[in-house]
Structure formats: structure tokens, C-alpha cells
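As C-alpha cells, the structure follows; a few thoughts come after it.
The values are calculated or read from the model by the stated rules, or taken from the named source; none is laboratory data. This is a predicted model, so every value here is computed, not measured. So basically every Cβ, Gly included, is an ideal-geometry build from the backbone, and we count neighbours across all protein chains shown. The accessibility values were calculated without ligands, DNA or RNA, using every heavy atom of the protein model including side chains. Shrake-Rupley method; radii C 1.70, N 1.55, O 1.52, S 1.80 Å.
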Amino acid sequence: MNISEWLAHAASQLAASGCPDPRIDARWMAEDTLGMSRTELKFESDRAVPPEALERLTAMLARRCAGEPVQYILGSADFMGLKFEVSPGVLIPRQDTETLVEAALIALQGAGERPDVLDLCTGSGCIGLSLASLAPHARVTLSDASREALEIAKRNMHALGVKADLRHGDLFAAVGRARFDLIVSNPPYIPRGDLAELQKEVQYEPRMALDGGPDGLDFYRRIAEEAGAHLNPGGSIYLEVGIGQAPAVLELLKAHLTCLEAGTIRDLNGIERVVFAKV
Ligand code: GLN
């Protein structure tokens, strides 16, 4: 079987299994297994797939057809143009979250020479480590309540060649009395009752990274209550939110912080995805 034949075969199997992006997932598996770029795959598509590679690809395809996310199968995800190791111990970085990172990068431009940044509920570290990589003047702290997540974040930190302080603990308990110029977070925000109805790929992800309590807002309430004690004067907080949550989260921040400015930012789909406040 040659490369283009395998790609066509994989895409049709994936489509039949209900995979939302059959051609993309087939291509990612082939790129990874064959060690070829997207362009190489295209221009050398008549090359035969070696038997060992075919065996590996067959196993990957079966896992993907059963619903396992392609990023867990490959062990990595792309985010902000960087590669992050992922495993079922951490949420897979979403493109939606790049909206938060981009907003934070702009905020960091006016945040002094050596701004202190905290990424709460860091998971794979994708938000905080992207900031450390793209805004090297920032001093970044990553925190998570999951030790497994912090291990993955640590490996991602080393792989990206950046520095960050890693802290274990429940939200702000991880950082004692420390204050920051910028706090960012993509906390768990799915209403508990909706968890069972999420697409099958999401069922492979850690519940701890998704479950936002009965109305999805538990973490925002706690973050809003405690953030004031952890922000330097002039500091700001940027939170990712789920669809429809922005007004409630904005109200929470306004209720608990003395805001110089507060608002929301839309993602590429026009959804209010980030809520921010400056103190
Ligand atoms: N964006 C994720 C999803 O829709 C949820 C992430 C979160 O709870 N922070 O599945």
C-alpha cells in the first residue's frame, strides 16, 4: 500500500466512525509515523508504506476509530506554533485558548520589564509556557492541583527550553501570598450535568480539568474572590470562559475586584471566550 492509498483508506474508516476531521487526523498519524512533513507526504505520496509503519498506523487508526483523541494517540498537540506533550492526565490544548494567550501577550507588553505571571490550572502548561516562550521577559509560575499534570508541564518546560516555577496546590493555595502582574487561567468550566453528553473524544480527557461544578462557574467564583490578594497594583487577570459564561464571569470579577477596566474578548468564531479585568 502506498501513502496516498493509506491516507484514503484511513480517512474513509475515520469518516465512517464519526470522526469530525478524518483527513486531518489521517495525515497527522501518517506524518508522525513516517517522520515526514505535510509537504513531503504530498509530493512522495506514491512511496510504499514500510511494513512496520503500516502495523503502527493500523493500531493508531483502530484507536482513533474507537474515539480516542488523535493528540493522545500521538502524545503531542500543537498550540501557539509550539509542540506540547499530552497524555490523558491533561486536557488537550484547544485553539480557542490561543485567544487567551494572544490577549495575555498584549497585556504583557505594557506590564513592565520583568512581569510576574501566574497560570492557574496549567495542565500541560500550554498557556504559561507559551507565554514564557513568546514573552521571555516574563517570570512565569505554573500551578495545578494534579501532580501528574505538573510532571507533564515540567517535561514541556524542558522540551521548550524555557524556565518556569512549578507549584502544586488547589488554586491560589499553590502560591502562598505571592502577588503577580498577570494571572491567566483556563479553569474547568463545563457544567457537571453536561459532562456525560460531551463528544466521545472529550470523555478521554481528565474530568478534573473539565468539571466546573453544578453551573460550571465554581472555579470562577473562587478565583474572583481570591484574585485581589494576588494581583499587584496595575495587574490584570485574563480568564478563558465557556460559551455563554462571559457575562456571569465579568460580573464576578467586577463584584470582587476594584477594576480600572474590565471586558470580554471574542475568539475566531465570534464567541466571547476571554474575560479580563485590570486592577
Ligand atoms: N474547552 C474545553 C471543552 O470545550 C473545556 C475546557 C475547560 O473546562 N476549561 O471541552
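Okay, here's what the table says:
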item	result
Members of segment 258-270 that are in contact with an Asp or Glu (Cβ under 9 Å, 6 or more places away or on another chain), part of a loop (DSSP other than H, G, I, E, B) and surrounded by 15 or more Cβ atoms within 10 Å (Cβ to Cβ)	D267
Residue in segment 154-164 that is within 16 Å of the ligand (Cβ to nearest atom) and modelled with pLDDT of 95 or more present	no
Unique residue being aliphatic (A, V, I, L, M) and surrounded by fewer than 18 Cβ atoms within 10 Å (Cβ to Cβ) when the list is A62, A77, A26	A62
Counted residues, segment 183-205 - those being within 23 Å of I73 (Cα to Cα), within 11 Å of the ligand (Cβ to nearest atom) and of a type in the set (A, V, I, L, M)	3
Residue tally, condition farther than 19 Å from L14 by Cβ and either in contact (Cβ under 8 Å) with a residue 60 or more places away in the chain or of a type in the set (A, V, I, L, M, F, W, C) (or both), over segment 37-86	9
Options L120, L61, L82; residue that is hydrophobic (A, V, I, L, M, F, W, C), under 17 Å from the mean Cα position of the chain (by Cα) and more than 16 Å from the ligand (Cβ to nearest atom)	L82
Residue within segment 123-144 that is of a type outside the set (D, E), touching a Leu at 6+ places or on another chain (Cβ under 8 Å), in contact (Cβ under 8 Å) with a residue 60 or more places away in the chain and within 14 Å of the ligand (Cβ to nearest atom) present	yes
Residue in segment 241-260 that is under 23 Å from the mean Cα position of the chain (by Cα) and of a type in the set (D, E, K, R) present	no
Residues of segment 133-149 satisfying the condition of being open to solvent by 10 Å² or more (accessible area, probe 1.4 Å) and out of contact with any helix residue (DSSP H, G or I) (no Cβ under 7 Å at 6 or more places or on another chain)	P136, H137, R139, A145, R147, E148
Qualifying residue in segment 8-16 (condition: crowded, with 19+ Cβ neighbours inside 10 Å and over 16 Å from A62 (Cβ atoms))	no
Any hit, segment 206-215, residues being in contact with a Lys or Arg (Cβ under 8 Å, 6 or more places away or on another chain), more than 8 Å from the ligand (Cβ to nearest atom) and open to solvent by 60 Å² or more (accessible area, probe 1.4 Å)	yes
Any chance E55 is of a type outside the set (A, V, I, L, M, F, W, C), surrounded by 15 or more Cβ atoms within 10 Å (Cβ to Cβ) and either within 19 Å of the chain's Cα centre (by Cα) or closer than 24 Å to Y204 by Cβ (or both)	no
Qualifying position, being open to solvent by 10 Å² or more (accessible area, probe 1.4 Å), more than 16 Å from the ligand (Cβ to nearest atom) and at positive phi, among G228, G176, G244	G176
Selection status of F219, modelled with pLDDT of 95 or more, open to solvent by 10 Å² or more (accessible area, probe 1.4 Å) and within 24 Å of V86 (Cβ to Cβ)	yes
In segment 97-130, the residues that are in a helix (DSSP H, G or I), open to solvent by 10 Å² or more (accessible area, probe 1.4 Å) and either over 27 Å from A227 (Cα atoms) or of a type outside the set (S, T, Y) (or both)	E98, E102, A103, L105, I106, A107, Q109, C126
Residue tally, condition open to solvent by 40 Å² or more (accessible area, probe 1.4 Å) and small (G, A, S), over segment 150-173	3
